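**Q** Sharing a structure here in C-alpha cells format.
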Amino acid sequence: MHRSALPPSIESGPFTYRQGLDAGATRSRLRARDLRVPHHGVRSAVESPGAVGRARELWPVLADDEFFAHLTALELWGLPVPRHLENGPLHVGGTSTRQRRRPGIRGHRYADGTPVTVFHGVRLSTPLEAWLQAAPVLGLDDAIRLGDALAGRWSPWTVAREVEIERLARTVERARRRPGVATLRRALELVRPGVESPKETELRLLIVRAGLPEPEVNVRRFDAGGSPLGRPDLSYGWCRLAFEYQGDHHRTDRATWRLDLSRRERFEDAGWRVVLVSDDDLHGVAASALLARIRRHVAAHRRRAGTL
C-alpha cells in the first residue's frame, strides 16, 4: 500500500501528533505503521540513535519549564556516564511542583534559577550542574572520572572541557548541602587536568592506590637534545617510565598502530621504558603483575641513583 509523503516540516525528525496535524498530515497518515512512536504523543519517520536522538524524541512533549538533567545531561555533553547506568531512563528536570511521569522517564524537581542552557537543539543542565545533580548515584571512581573529564580534554564540546580545578572546587563548595556532594568533595582530591580518556583515570588510580608515586598526565617529553619524543598518557619523568593505554583501536587501526610503534622506538632510543597497558591489565592478577613491574623499575632507578 502506497503511503502519502509526510509534509516537509515534519519528515526529518520527531514531532507531536498535534504538530503533524497542524503541518497538514491526516490522522490516518499519523497512525501508519511506518511512523515510530518513541513516546506517547510523539511520532517520527526516522531512527534517532544515541543520547542526542533519545532526547530529541522526547523534547517535543516537554513543558516550557522542563529540561534534560542529571545523567542524561552528562551524556548529552559527551561526559562519561557510569557503564551500568548507560541507556537508562531519560532524566527530566523542571521547576514546577509537577514532576514528569512517563515510562522510561525519571522526573526531578529543581529550584528556580537552576543553570540551564540550549544545546543539541534542546534545553539541558549545564555540565557542572549536571555533575552535581547526578552526584547521589555516583560512586567515588565515577565522580573522579567525571571530574577528570570536566577538567581534561575529554568532551568534544568546549563548555564541558578544560574546566579549572578551582572552578570545580567552588561549585562543590557552594553545593555543600546537596545530596552526594560529599562524594564530589572526596573525588576532587584525585581529579587532575589534562586527562583524555576514562582508562587514563582508571590506570592512574590503580597506580596511586598501590602506594606508588603519582604519574604525570599527558606531559610532553623530550630527549637529551631537546627533540620531542611524544606525550604519553601517564609518565614519570624522573625515572623515564611511560605508560600508554592501548584500546582496541590501537590494534585495529593500521595508522594508529604504526604511529604507536614509531613513538615507542623514539622513547626507548632516548632511554625510556614504555609500558603498554590494556584493559586486562587493570584488573585482578594482571593488575598485580603490572604494579610489580612498575615497582621493580622504580626500585632499580632508585638504586642506580643511590636513593634506596
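The values are calculated or read from the model by the stated rules, or taken from the named source; none is laboratory data. Since this is a predicted model, take the numbers as computed values, not measurements. FYI the Cβ positions are ideal-geometry reconstructions off the backbone, even for glycines, and counts take in every protein chain you see.
**Q** Being crowded, with 16+ Cβ neighbours inside 10 Å and over 17 Å from Leu62 (Cβ atoms) is the filter here, so list the residues in region 8-19 that pass it.
**A** Hit for region 8-19 is Ile10, nothing else.
**Q** Determine which member of the set Arg178, Arg185, Arg123, Arg167 is more than 13 Å from the chain's Cα centre (by Cα) and loosely packed, with under 14 Cβ neighbours inside 10 Å.
**A** Numbers: Arg178 fails: loosely packed, with under 14 Cβ neighbours inside 10 Å; Arg185 fails: loosely packed, with under 14 Cβ neighbours inside 10 Å; Arg123 fails: loosely packed, with under 14 Cβ neighbours inside 10 Å.
Unique residue meeting the criteria: Arg167.
**Q** Quick check on this structure: which one of Trp257, Trp272 is aromatic (Phe, Trp, Tyr), modelled with pLDDT under 95 and touching a His at 6+ places or on another chain (Cβ under 9 Å)?
**A** Numbers: Trp272 fails: touching a His at 6+ places or on another chain (Cβ under 9 Å).
Selected residue: Trp257, the only one of Trp257, Trp272 that is aromatic (Phe, Trp, Tyr), modelled with pLDDT under 95 and touching a His at 6+ places or on another chain (Cβ under 9 Å).
**Q** Looking only at region 212-227, which residues are free of Cβ contacts under 8 Å to residues at least 60 places away in the same chain, more than 25 Å from the chain's Cα centre (by Cα) and either within 13 Å of Ala143 (Cα to Cα) or not in a strand (DSSP E or B) (or both)?
**A** Result: Asp223, Ala224, Gly225, Gly226, Ser227.
**Q** Please indicate, with yes or no, whether at least one residue in region 147-166 is of a type in the set (Asp, Glu) and under 28 Å from His39 (Cβ atoms).
**A** Residues of region 147-166 that are of a type in the set (Asp, Glu), as a first pass: 148, 162, 164, 166.
Retained after the next criterion (residues that are under 28 Å from His39 (Cβ atoms)): none.
No, that holds for no residue.
**Q** Considering only region 70-101, how many residues are free of Cβ contacts under 8 Å to residues at least 12 places away in the same chain, within 23 Å of Pro156 (Cβ to Cβ) and not in a loop (DSSP other than H, G, I, E, B)?
**A** 1
**Q** What pairs come up if the first residue lies in region 35-58 and is over 12 Å from Ser12 (Cα atoms), the second is at pLDDT 90 or above and of a type in the set (Asp, Glu), and their beta carbons are under 8 Å apart, counting only those six or more places apart or on different chains?
**A** Cβ pairs passing all conditions: Pro38/Glu57; His39/Glu57; Val42/Glu57; Ala51/Glu75.
**Q** So Leu132 ticks every box in (1) under 16 Å from Val81 (Cβ atoms); (2) in the same structural domain as Ser262 (by TED's automatic domain parsing) but one. Which box is left unticked?
**A** Going through the list (1) under 16 Å from Val81 (Cβ atoms); (2) in the same structural domain as Ser262 (by TED's automatic domain parsing), Leu132 breaks only (2).
**Q** Residues that are among the small types (Gly, Ala, Ser), touching a residue at least 40 places away in the same chain (Cβ under 8 Å) and within 30 Å of Val298 (Cβ to Cβ), at least 2 per element: which helices (runs of 4 or more DSSP H) completely within region 102-211 meet that?
**A** Details: elements: 127-134, 140-151, 165-174, 181-188, 198-209.
Output list reads 140-151.
**Q** Tell me the residue from Leu76, Leu71, Leu35, Leu62 that is farther than 16 Å from Val122 by Cα and among the aliphatic types (A, V, I, L, M), please.
**A** Numbers: Leu76 fails: farther than 16 Å from Val122 by Cα; Leu71 fails: farther than 16 Å from Val122 by Cα; Leu62 fails: farther than 16 Å from Val122 by Cα.
Matching residue, one of Leu76, Leu71, Leu35, Leu62: Leu35.
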